[in-house]
Amino acid sequence: QEGDYVKKGQVIASITNPEYINTQEQYLMVMNQISYAEQEFVRQQELFDNGAGAKKNLQSAGTQLKDLRTQQAALTKRLQLMGINVNTISNSNIRNGMTIVSPISGVVSNITAQIGAYVDVSSHVAEIIDNAAIHLDLQVFEKDIANIMIGQLVNFTLTNNPNKIYNAK
């Protein structure tokens with residue numbers, strides 16, 4: 001909720017999307033295909049080295065293996081953007097979403113995501129402000145500058161809460 005205090009690393013939202021499942025499925029399938037393609041490449045290499053295989057078959061097996069490794073690299077990057085560690089993916093451990101944790105400790109000042117809404121990788125989910133180093137900007141008329149001193153106490157209000165008076169130095 002807006003106004004709540006959150007600690008660094010605390011879960012502030014969770015995202016579920018079928019795309020997470022699809023991408024992990026694609027990754028696992030490509031990894032299985034790479035395993036087979038590596039074995040096929042070794043077979044074709046042995047056949048070619050012994051004069052029993054065609055160079056075309058060896059080149060085809062090599063190209064297929066390179067294509068699969070390119071797909072693996074792209075899927076790895078996509079999964080990393082989703083916050084999924086590829087070393088933890090297995091047939092029995094497919095995640096359907098991710099959790100978003102607070103990068104800092106502070107107060108939730110604005111929540112931009114809505115339940116059921118689409119969230120893009122570049123979208124903000126919430127705004128968290130660390131009030132430990134807050135500052136106040138004031139405007140003073142030129143004729144009043146002589147009345148201002150370092151260390152002077154100042155009373156102010158916030159536009160979103162004009163009934164409460166705050167003090168600053």
Inter-part distance where the stretch 126-169 and the stretch 58-101 are each reduced to a Cα centre, Å: 51
For a label point 7 Å along the Cα-to-beta-carbon line of ALA113, residues of the stretch 1-15 with backbone N under 17 Å: 1-4, 6-15
Set the Förster radius R0 to 35 Å, insert the Cβ-Cβ distance between VAL125 and GLN45 as r into 1/(1 + (r/R0)^6), and round the FRET efficiency to 0.05. 0.10
At 222 nm, what value in deg cm²/dmol follows for the chain if DSSP H runs of at least 4 each add -39500 (n - 2.57) and the sum is divided by all its residues, to the nearest 500? -12500 deg cm²/dmol
Find the all-direction average of the projected area of the Cα convex hull for the stretch 29-73, expressing the result in square nanometres with one decimal place. 2.7
So if we plug the beta-carbon distance of SER35 and ASN96 into 1/(1 + (r/R0)^6) with R0 = 35 Å, what FRET efficiency do we get, rounded to 0.05? 0.85
Calculate the FRET efficiency for ILE104 and ASP144 from the Cβ-Cβ distance with a Förster distance of 35 Å, rounded to the nearest 0.05. 0.45
Taking every C-alpha to C-alpha distance in the stretch 63-107 and binning by 5 Å from 0, the per-bin percentages run 5, 17, 20, 19, 15, 11, 6, 4, 2, 1, 1
Over all Cα pairs of the stretch 73-138, the Kirkwood radius sets Rh, and Rg/Rh then becomes 1.11
Under a crude label model (7 Å from the Cα following the beta-carbon direction), how far is VAL11 from LEU81 in nanometres? 2.5
Of SER123, MET29, ILE145, which is farthest towards the positive pole of the chain's charge dipole, taken about the Cα centre with +1 and -1 on the beta-carbons of Lys, Arg and Asp, Glu respectively? MET29
Relative contact order as a percentage, the chain, C-alpha pairs under 8 Å and 6+ apart, gives 30
The stretch 105-169: relative contact order as a whole-number percent, Cα under 8 Å and 6+ apart: 24
Only Cα pairs within less than 10 Å get springs; with that Gaussian network setup on the chain, which residue of ALA146, ALA37, ALA113 has the largest fluctuation? ALA146
Considering only THR88, THR159, THR99, give the residue with the highest GNM mean-square fluctuation for the chain, with springs between Cα atoms whenever their separation is below 10 Å. THR159
Using heavy-atom solvent-accessible surface (probe 1.4 Å) with all chains present, what is the largest-first order of ILE94, ILE145, ILE150, ILE128? ILE150, ILE145, ILE94, ILE128
Taking a straight Cα-to-Cα line shorter than 23 Å from LYS143, and setting aside same-chain lysines fewer than 8 residues away, one finds LYS169
Within a Gaussian network of the chain (alpha carbon springs, distance under 10 Å), most fluctuating of THR70, THR23, THR157: THR157
Which label in [x] 97, 34, 22; [y] 52, 35, 34; [z] 57, 35, 26 gives the computed Cα extents along the principal axes in Å: [x]
Whole number in Å², please: accessible area per residue of the chain, 1.4 Å probe, ligands, DNA and RNA not counted. 77
Residue-ordered couplings for the stretch 89-96, obtained by feeding phi - 60° into the Karplus form 6.51 cos²θ - 1.76 cosθ + 1.60 and rounding to whole Hz (Gly and Pro as x), are 7, 8, 4, 9, 9, 9, 8, 9
If you roll a 1.4 Å probe over the chain with all protein chains in place, what percent of the accessible area is carbon or sulfur? 52
Roughly speaking, what is the stretch gain from THR157 to ASN57, that is 0.36 nm per residue apart minus the C-alpha to C-alpha distance, in nm to one decimal? 28.2 nm
Under a 5 Å amide H to amide H cut-off, with H placed in plane at 1.01 Å, what residues pair with ALA126 once short-range neighbours are removed? THR112
Whichever lysines have a C-alpha closer than 27 Å to that of LYS56, once near sequence neighbours (fewer than 8 apart) are set aside: LYS66
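The values are calculated or read from the model by the stated rules, or taken from the named source; none is laboratory data. In this text, all values refer to a predicted model and were calculated from it rather than measured experimentally. Backbone-built Cβ (ideal geometry, glycine too); neighbour counts: all protein chains shown. Heads up: the accessible areas ignore ligands, DNA and RNA and are worked out on the full protein's heavy atoms, side chains in. Shrake-Rupley method; radii C 1.70, N 1.55, O 1.52, S 1.80 Å.
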